[in-house]
Amino acid sequence: MPMDDDLLPLHAVAPDVCVAPQLTPQAMAEAARQGFKSVINNRPDYEEGPEQPTNASIEAAARAAGLQYAFLPVQGGYQSPEEIAAFAQLLADLPRPILAFCRSGARSTRLFVAATRG
């Protein structure tokens, strides 16, 4: 099946976990089509202003597409031990494959690395 790289620009961090930059509500149906079971949003609402899609709009689209959805907003420069533990719990609890996103994909990647270290 052809992938829509513009709608869903993915980077694999594990065989069943990918990260992406900011996703739109429209990308949720594409994520489901590509076989993802869960989405984790690591980006705080309005981080970039009112043009950024809101958590609520993305969650509604994800659930409409049949995806599990979690909102774990973290700051770009620092992820606390509690946030890392919460991300690790989501990795343990959510059905895979999982797609996590933030502004660029970097903080979701850092969360994944920290949560799976050791």
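Readers should treat all values here as calculations from the given coordinates under stated rules, not as data from a laboratory. Values in this document were obtained by computation on a predicted structure and should not be read as measured data. Ideal geometry is used to build each Cβ from the backbone, glycine not excepted, and the neighbour counts take in all protein chains shown.
Put simply, the amide H of Tyr69, placed in the peptide plane, has neighbours under 5 Å in Val39, leaving out anything fewer than 5 places away on its chain.
The slack between Gln26 and Arg96, meaning 0.36 nm per residue of separation minus the straight C-alpha distance, is 23.2 nm.
Treating r as the C-beta distance of Arg117 and Phe71 and R0 as 30 Å, the FRET efficiency rounds to 0.80. With contacts taken as Cα pairs under 8 Å and at least 6 residues apart, segment 11-116 reaches a relative contact order of 42 percent.
Here each label is just a point 7 Å from Cα along the line to Cβ, and for Ala64 and Tyr46 those points are 2.4 nm apart. Find the percent of Cα-Cα distances in segment 11-116 that exceed 21 Å, and round it to a whole number. Here the tail beyond 21 Å accounts for 25 percent of pairs.
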